[in-house]
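Worksheet: the structure to be examined is printed underneath.
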Amino acid sequence: MSWQDFTFADPYALEKFWFHYEREPNVLVTGVGNKYEDDTWAVKNWQDPREREDFDSYYECFPNDVEWNFCSCPRKALYDIGGFDEEMDFLGFGMDGVGVNERIDRLGGYLFKIDQTNKSYSLGHGRPEGWEDNNLLHGGYFERKDDLKKEGRWPILDYLQE
């Protein structure tokens, strides 16, 4: 389980991750989350683009769609790649192409999924300059849709339906 210190979640978050792990022990599952101005949770200042009405509540995704601020991962996967390297997460601006998910994906045999019913809530916080534009889940993600489709990096269900 990976859960950053600025992230809050529904009371049954751990049970939901365990539910998926018992059925698919080789799956990395991420939840979805939005960001808020303060701890009253009244003013949302960021909407998670992975929370999609056109997808099922639990769907397969690409490795870079799994965020380590709220996800579960088989321990064996982290041992196989030599451990979690948080520095690579930040240097890769969301693990795009250099981080933990990429290394796990190259091992083969692991699945990456999103459970839209497992929600987290975060307070707004500072990010490195250029983070929104460089992270595929934010800023440039939708603007670069055609390029991402050519690279096979647009969400799997969209990509397969074409």
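The values are calculated or read from the model by the stated rules, or taken from the named source; none is laboratory data. No experiment lies behind these values; they were computed from the predicted model shown. Note that each Cβ is placed from the backbone with ideal geometry, even for glycine, and that neighbours are counted across all protein chains shown.
Couple of notes before you dig in:
- Just one of the listed residues (Val32, Val27, Val43) is at pLDDT 95 or above and not acidic (Asp, Glu), namely Val27.
- Failed item in (1) modelled with pLDDT of 65 or more; (2) in contact with a Gly (Cβ under 9 Å, 6 or more places away or on another chain); (3) of a type in the set (A, V, I, L, M), with Ile81 passing the rest: (2)
- So Phe112, is it crowded, with 19+ Cβ neighbours inside 10 Å, touching a Gly at 6+ places or on another chain (Cβ under 7 Å), among the aromatic types (Phe, Trp, Tyr) and modelled with pLDDT of 55 or more: no
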